[in-house]
Each structure stands twice: as structure tokens, then as C-alpha cells.
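**Q** This is the structure I have questions about; it appears just below.
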Amino acid sequence: MADTSDRGPFQAPEGTRDVLPPESARWEALIATFAGVAGRAGYGLIQGPMFEDLRVFQRMGEGTDVVRKEMYDFFDKSETPHHLALRPEGTAGVVRAFIQHNPLVPWKVWYASPNFRYERPQKGRYRQHHQLGIEAIGVADPDLDVEVIGLLHDFYAEIGLRQVELVINSIGTPADRAAYIEVLRTYLRSRADELDPDDRAKIDDHPMRVLDTKRERSIPVAEAAPKLIDNLSPEAAAHFERVQAGLTALGIAFSIDTRLVRGLDYYTHTAFEFRSGALDAAQNTIGGGGRYDGLVEDLGGKPTPGIGFGCGIERVLLTCDAEGVFPAPERAVDVVVVDVTGGDTARDLTFELRRAGLRADRFWDGRSMKSQMKQADRSGARFAVLVGSDELEAGEVTLRDLRGEAGQVRVARAAVLDELRRRLAQPA
RNA sequence: GUGGGCGUAGCUCAGUUGGUUAGAGCACCAGGUUGUGGUCCUGGGGGCCGGGGGUUCGAAUCCCCUCGUCCACCCCA
């Protein structure tokens, strides 16, 4: 067991980081924006456990790296220990909750929560990363696919991102998918010696992953592979047509990429991904999802369709930086109380103002007026209420405008709230 | 898991061919006569030079190990 004494002070574990003020104000704003988009569409917040029975996540696909080598799994301390794992993605736990509580459908929820994957961190990729997401369970209607994709699209638009591209594909019904995998596997085996060895190794477990390979050598083979989209059942083809028509009707541009298969095994029908042109290609996916009509059943529920997406907060904020949009909002109080008479007024007046709905702060440790004024300036507050011995004796305070040209005036202590309200109602 | 770059103050970084008590800017604190910020001046606090071991009279500097970090591969948000 490694001792911390050889590492100096404790620090956040590898691949994790602290999000502190003022940066965290940006997180608050981003989540609030997302909550607004989802809430206006009738989605409610779901707060679930950050860990689940390992088997909940194994349904994502035994062949995926997320399950095979990136899971933070552990045993708890019970007499018959439970094999648990930290949530590596959002969908499986939501589906588990759906099955457990059996809510009325359509069940539409959103979340903002951390995911955990044991992998080497790099740009835009963390061991603890955070996703915004929605899941809509119980409806097979392709117009729901359009809604879900449209909400993510509108979210990106609302935060100001411009260089966002939507790519879609259809993976068909579970039966289409199963049949296609056999066709694909046969094809890939016939050209196995032309594939990069890393891709060749996927033929047995995970043949669809060869399609979106980035390895030069394999790309011609992947491009020439039989396309699932050409072999869809009439039902799946109609579904996909309806989705495309819906996106077009809403004015949402998209392209079809027949090699788009998402990382997790449970997707059926519509798969989609939003990519940013402002990020390097290595990590340019800023959100993605798809339909998972077999997953509820896989997890022990009744056959129930579902669709959702996940959108990485860290990566979206990187994209915002790259595009120069969505700055951290200013976080300043309206008024600060500068008290050099011992602190009674600072203590009492800040609470009086806060209870009246104003944003108010004060300073500590009986600092000098000069020091408190410096802090007042730094705080960004628009007004300062000054209390010295003169004001205290007269039952007044000095109200000073820190930003405009208005200067300062003496007002009765009892009138300061009304006076502040009056002035705050006017633009700075 | 593999490969490469980088670790000096809260932040950004200097630190000569190894040579005294390790520096700057910004930030922070206190003063600049006795009640007022944003400019200026003066002063101040703050560093296991990532950690351990080695070479040397002497190591921030050279060597080894280790930890961390960043980036790439893999994979993904």
C-alpha cells in the first residue's frame, strides 16, 4: 500500500480534479441551462446511486472496453459480499431504476452526474467525468428519437456552440442487428489479413467496432463492408426514414454515417453522435446516444423500448473554450457591509438584507476600513454600506456606489433596505 | 497497458560551467498620520526546488528509482 509520505500532501486521485469557484459557476450555469431544456420538454430529474450491482453494467456488452477493463468494481463488507461497480455511464442505472419502480410510460428523466472509468487520463478524458443526459423509456415512436436528438441539438445551440455536427445511423431491430453481425463477421474473416491486428482481434467479440476504426490499414476494408443500413427490415427502414424526416422538419442538419456504431452494445435503431469541429479529432465527440429497445428486457424487465443520450460536461466546456462562448457568469453580491465599529451591524444587517432577498456579504476579523474597502472592490459588489462611529451614533449608514458616479449618501439605518432596493432596480 | 514532454512560492516563470541565507512578476498582508476601494510608493509573509536514494568538499542543477502531471496510442463523454 503506497504511503502518502513519499508524495507530499494529498492530492486529488489520478484523472480526477476539483472544480472550484469561479470556474464552478460555469458548471452551475451549464447544468441550469440543460435543466431548462429538459424541463421544458417534460423531463424530470433523476438522482440515482453512483454504484450498482456490477451485473447492471455488464449488460452494456461484455466485449466493450468500458466493461472489460475500465470498470471500477469492488466488493462491499456484507457477509455475502456484493460485487459492485462505480457507474461508468448513465443509461444502465436509469434502466435499472425504471424496472425497479415500474413508473408510467413514457418515463422521461434527465440527470447530471459523474461517471467513472479506469483509464489513462488525457485531454478531455478523466477517470471521473460528468455527463448531462436524458433517457425516455416506454415509447417506440420514431418521433421520440427526433425529440431526444432535437433537445441535445437545442442545448448546444442555447449555450452558443456553432461548430457542431450531427451524425446519425440506424442499427436496426435487434433481429436485424443479430443477422447483420453474422454477415459482417463472415465478410471480415474473408479479409482478415488486410486488417490491422488490433481490428482483427475484434472480429469474434465485437465485429461492429471494426467499422469505425481509425487505423489507416483497416479503413478500406471497413468502407467496403456490407452496410447494415442496406439490410434493414422494412420496419427499421421506416423508423429511420421517419427520424430523418423529423430532423429535417425541425431544421436540424445531419449526415448519415453508415460506420457509426456507438461504443456500447445495447443500441438498436437510431444511433447518433454530435461532433465538434472546434476540437481535435481524437476527442471530438461531445455527446451521443441512441435507441436501446432491448436493454430493459436484458436487465430483467418487460420488453420496453427506450432512447437517450449522454453529453460530457468537461468536453462541452472545452468546446466552449475553443469557440469562445459560454463564459463563466459573474458571481457578485449586490451589497457588502463595511463595519469598523466592532461588527454588530455587519452581522445583523447582512442577515436582514439576505432575508429580504438581497445578495449581501461582509468582511471579517475587524479589518481596517481601507482593507475592507479593498475587499469590497474585489468582491464585485455594486454597493457598500459603511458603518463607522459617526453613523452608529446617528442611527444611520453611509451608502456608497462602488461602480457608478453616484458617490455616497447618508441614510437612516432603518431606511437602508428600501433605498438599496430602489437603487438596485435601476441599471448600473 | 504502451510511448514521449514536464515537475522551483497560490499563479506564470527565471535560476550561468554544480558554489554562500533560492529569485522576479502577478496575487496576498501591513503601512503611506489619525474613517474610504479601483493608480502609485515602501515594507512583509509565504518554498521538504514533487519524493527517495546516489555521486561530490558542496546538488534546484549530474545519475538512478519513484510519484504526479500533460500529450499521444487504445478507447471513449
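The values are calculated or read from the model by the stated rules, or taken from the named source; none is laboratory data. Being a predicted model, the structure only gives us computed values, none of them experimental. We place every Cβ from the backbone using ideal geometry, glycine too, and count neighbours over all the protein chains shown.
**Q** Given the conditions (1) surrounded by fewer than 21 Cβ atoms within 10 Å (Cβ to Cβ); (2) within 26 Å of A:Gly36 (Cβ to Cβ), which single one is not true for A:Leu144?
**A** (1)
**Q** Cβ contacts < 8 Å: first residue within 6 Å of RNA strand B (Cβ to nearest atom), restricted to the stretch A:109-125; second residue assigned to a loop (DSSP other than H, G, I, E, B) and among the aromatic types (Phe, Trp, Tyr), any location; separation 6+ or different chain. Result?
**A** A:Arg117/A:Tyr72
**Q** If you don't mind, another one. Could you list, in sequence order, the residues of the stretch A:40-52 that are without any contact (Cβ under 8 Å) to a residue 40 or more places away in the chain and either charged (D, E, K, R) or in a helix (DSSP H, G or I) (or both)? Talk me through it step by step, then tell me what you get.
**A** Step one: list which residues in the stretch A:40-52 are without any contact (Cβ under 8 Å) to a residue 40 or more places away in the chain, which gives A:40, A:51.
Matches in the stretch A:40-52: A:Arg40 only.
**Q** Among the helices (runs of 4 or more DSSP H) lying completely within the stretch A:327-404, list those that include at least 2 residues that are more than 9 Å from RNA strand B (Cβ to nearest atom), within 26 Å of A:Ala25 (Cβ to Cβ) and in contact (Cβ under 8 Å) with a residue 12 or more places away in the chain. Full working, then the answer.
**A** Numbers: elements: A:344-355, A:369-379, A:389-394.
Output list reads A:344-355.
**Q** Here is a list: A:Val387, A:Val336. Which entry is under 38 Å from the mean Cα position of the chain (by Cα), modelled with pLDDT of 95 or more and not hydroxyl-bearing (Ser, Thr, Tyr)?
**A** Numbers: A:Val387 fails: under 38 Å from the mean Cα position of the chain (by Cα).
Exactly one of A:Val387, A:Val336 is under 38 Å from the mean Cα position of the chain (by Cα), modelled with pLDDT of 95 or more and not hydroxyl-bearing (Ser, Thr, Tyr), namely A:Val336.
**Q** Considering (1) aliphatic (A, V, I, L, M); (2) surrounded by fewer than 20 Cβ atoms within 10 Å (Cβ to Cβ); (3) modelled with pLDDT under 90, say which one A:Ala157 fails and leave the rest.
**A** With (1) aliphatic (A, V, I, L, M); (2) surrounded by fewer than 20 Cβ atoms within 10 Å (Cβ to Cβ); (3) modelled with pLDDT under 90 applied to A:Ala157, the lone miss is (3).
**Q** Give the residues of the stretch A:157-177 that are hydrophobic (A, V, I, L, M, F, W, C) and either on the phi > 0 side of the Ramachandran plot or not in a loop (DSSP other than H, G, I, E, B) (or both), sorted by residue number.
**A** First pass over the stretch A:157-177, keeping only residues hydrophobic (A, V, I, L, M, F, W, C): A:157, A:159, A:161, A:164, A:166-168, A:171, A:175.
Answer for the stretch A:157-177, where residues must be hydrophobic (A, V, I, L, M, F, W, C) and either on the phi > 0 side of the Ramachandran plot or not in a loop (DSSP other than H, G, I, E, B) (or both): A:Ala157, A:Ile159, A:Val164, A:Leu166, A:Val167, A:Ile168, A:Ala175.
**Q** Mind telling me which of the residues A:Asp265, A:Asp321, A:Asp257, A:Asp298 ends up being out of contact with any helix residue (DSSP H, G or I) (no Cβ under 7 Å at 6 or more places or on another chain) and either without any contact (Cβ under 8 Å) to a residue 24 or more places away in the chain or on the phi > 0 side of the Ramachandran plot (or both)? Explain how you work it out, then say what you get.
**A** On the way: A:Asp265 fails: either without any contact (Cβ under 8 Å) to a residue 24 or more places away in the chain or on the phi > 0 side of the Ramachandran plot (or both); A:Asp257 fails: either without any contact (Cβ under 8 Å) to a residue 24 or more places away in the chain or on the phi > 0 side of the Ramachandran plot (or both); A:Asp298 fails: either without any contact (Cβ under 8 Å) to a residue 24 or more places away in the chain or on the phi > 0 side of the Ramachandran plot (or both).
Unique residue meeting the criteria: A:Asp321.
**Q** Looking at A:Ser113, A:Ser78, can you tell me which residue is in a strand (DSSP E or B) and out of contact with any strand residue (DSSP E or B) (no Cβ under 6 Å at 6 or more places or on another chain)? Explain how you work it out, then say what you get.
**A** Numbers: A:Ser78 fails: in a strand (DSSP E or B).
From the options A:Ser113, A:Ser78, the qualifying one is A:Ser113.
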